[in-house]
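The values are calculated or read from the model by the stated rules, or taken from the named source; none is laboratory data. Everything numeric here is computed off the predicted structure, so don't read it as measured data. Don't worry about glycine lacking a Cβ; one is built from the backbone with ideal geometry, like all the others, and counts go over all protein chains shown.
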Amino acid sequence: MIGLTLILLGLRVSELVSIRWRDFHTDPSETFIWLTVAHGKGNKVREVKVPQTLWALLNRLADDFHGLENHQVLDEQLFPISVRQIERIVEKARELSGLNKKVTPHWLRHTNATLALLHGASLQQVQETLGHSQITTTQRYLHTVEQMKKAAPDFVESCLKGIL
């Protein structure tokens, strides 16, 4: 759940450990769940939309932990553990998955940005989600995205798949 929350929300690990249940809220139309990240870099506050699937999983996890119908004790931390413990959990998950690449909580944040841009998010949307002050910080991800996109020969190969 920790890794999933980091990658889906693009959070810094320090932001993750500071989340309390009271930081979640619905929008005025009560259509979407939002997370107020109150302890971002430079003490900036931002709003991050929480995907419905993640919200359902977080609620199920809380039910399992607390066994209460109203598990959302507002002052309670979402993940009451340290930054170092989260780093160890991510490292253990990497080992268990057999990945040779170095995976860190911050790598999951980079993955959020890259996947968002690859799948159509605007640079401004990614900037807001990650809480970057400067768009130039977010623009660094464009280089990675451009490298991952198809090159001209890939398109030709797709056209000729039936023949090859």
Condition first: among the charged types (D, E, K, R), over 18 Å from Leu58 (Cβ atoms) and either surrounded by 15 or more Cβ atoms within 10 Å (Cβ to Cβ) or free of Cβ contacts under 8 Å to residues at least 60 places away in the same chain (or both). Now tell me which residues in the range 72-108 satisfy that. Arg84, Arg88, Glu91, Lys92, Arg94, Glu95, Lys101, Lys102
Cβ pairs under 8 Å, 6+ apart or interchain, first in the range 50-61 and surrounded by 15 or more Cβ atoms within 10 Å (Cβ to Cβ), second of a type outside the set (A, V, I, L, M, F, W, C) and part of a helix (DSSP H, G or I), ordered by first then second residue, are Leu54/Thr5; Leu58/Thr5
Working only within the range 10-39, note down all residues that are of a type outside the set (D, E, K, R), in contact (Cβ under 8 Å) with a residue 40 or more places away in the chain and crowded, with 19+ Cβ neighbours inside 10 Å. Gly10, Leu11, Val13, Leu16, Val17, Ile19, Val37
Sort through Arg46, Arg109 and tell me the only one that's within 30 Å of Thr144 (Cβ to Cβ), of a type in the set (Lys, Arg) and touching a strand residue (DSSP E or B) at 6+ places or on another chain (Cβ under 6 Å). Arg46
Matching residues in the range 16-38 - criterion: being of a type in the set (Lys, Arg) and out of contact with any strand residue (DSSP E or B) (no Cβ under 7 Å at 6 or more places or on another chain): Arg22
For the range 121-135, give me the residue count where each residue is surrounded by 21 or more Cβ atoms within 10 Å (Cβ to Cβ) and aliphatic (A, V, I, L, M). 2
Being among the aliphatic types (A, V, I, L, M) and surrounded by 12 or more Cβ atoms within 10 Å (Cβ to Cβ) is the filter; apply it to the range 136-149 and report the residue that is modelled with the lowest pLDDT. Val145
Are any residues in the range 14-56 part of a helix (DSSP H, G or I), more than 22 Å from Ser82 (Cβ to Cβ) and more than 15 Å from the chain's Cα centre (by Cα), and if so, which ones? Ala56
For the range 146-157, which residues satisfy the criterion of being in contact (Cβ under 8 Å) with a residue 12 or more places away in the chain and part of a helix (DSSP H, G or I)? Met148
Flag if Arg60 is in a helix (DSSP H, G or I), out of contact with any Asp or Glu (no Cβ under 6 Å at 6 or more places or on another chain), at pLDDT below 95 and farther than 20 Å from Thr138 by Cβ: yes
